[in-house]
Amino acid sequence: AVKSAYGAIGKPYAWAQDGPDGYDCSGLTLAAWRAAGVSLPHNAAMQWDVVAHISRSQLQPGDLVFYRSLGHVAIYVGSGKVIHAPTFGETVKLASVDMSPPYGYGRVRT
């Protein structure tokens, strides 16, 4: 999943898209985990509903980090960094896990 997310860096934000030419936030996490053979819904709040909720201290690469009252999601890649599809006019990028206050953390059930 992490390898797939790294491969999306630089691709444009595209609302309601899950690649390969563009992504929205939940489309990126969906596509990353789809590459690893795991299915996720295409909505950040729905992804929150299907992951195991974990603490920040438990974060491992591949875990999901949720923001903005479940309005945004990113994939944790280690070393305090996430990959996310920010918003219109931007591209998929690497950012600090603290780019904005996290809402919560989730581990995809495999």
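The values are calculated or read from the model by the stated rules, or taken from the named source; none is laboratory data. This structure is a prediction, so every number in the text was calculated from the model and none was measured. Every residue, glycine as well, gets a Cβ built from its backbone with ideal geometry; the counts of neighbours run over all protein chains shown. Remember, those area values only see protein heavy atoms, side chains included, never the ligands or the DNA or RNA. Shrake-Rupley method; radii C 1.70, N 1.55, O 1.52, S 1.80 Å.
Remarks
- The listed residue being surrounded by fewer than 14 Cβ atoms within 10 Å (Cβ to Cβ) and more than 17 Å from Arg107 (Cβ to Cβ), out of Ser39, Ser69: Ser69
Every residue, every condition in (1) under 16 Å from Ile9 (Cβ atoms); (2) open to solvent by less than 70 Å² (accessible area, probe 1.4 Å); (3) part of a strand (DSSP E or B), yes or no:
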site	(1), (2), (3)
Trp33	no, yes, no
Val65	no, yes, yes
Pro86	yes, yes, no
Ala95	yes, yes, yes
Asp98	no, no, no
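- Taking the conditions (1) under 20 Å from Pro102 (Cα atoms); (2) assigned to a loop (DSSP other than H, G, I, E, B); (3) open to solvent by 60 Å² or more (accessible area, probe 1.4 Å) in turn, Asp49 satisfies each one other than (2).
- Filtered residues of the stretch 72-84 (kept if outside any strand (DSSP E or B) and either open to solvent by 70 Å² or more (accessible area, probe 1.4 Å) or over 16 Å from Val97 (Cβ atoms) (or both)): Ser79
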